[in-house]
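To keep things clear, I will list the structure first and then write my remarks on it.
Please treat every number below as a calculation from the coordinates, not as lab data. Quick caveat, the model's predicted, so the values are computed rather than measured. Note that each Cβ is placed from the backbone with ideal geometry, even for glycine, and that neighbours are counted across all protein chains shown.
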Amino acid sequence: DPQEEEEEGWENEDDMLQREVLNIPASTNSLYNDLKYYLTHGSSPSHLDARKRRALRLKCSQCQMIDGVLFR
């Protein structure tokens, strides 16, 4: 029955969405720290050179920070 298959799909979608949120410890991932800094302050961290600042801006265009959680 197509109705039953659709309902099963929605149950699986909830499971999938729950698994996509990852908690990344900030101390182990400097890219995460840089993304968080840029999204919070609107500027790049001072330790990045021009090429890395540009790369960070491009990556941040695909990301959003909500309540301290990074979404892509």
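Below are the figures for this structure:
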read-out: Top-ranked residue of the stretch 48-66 - restricted to ones that are surrounded by 10 or more Cβ atoms within 10 Å (Cβ to Cβ) and part of a loop (DSSP other than H, G, I, E, B), ranked as nearest to the chain's Cα centre (by Cα); value: CYS63
read-out: Residues of the stretch 38-72 classified as aromatic (Phe, Trp, Tyr) and touching a Lys or Arg at 6+ places or on another chain (Cβ under 8 Å), total; value: 1
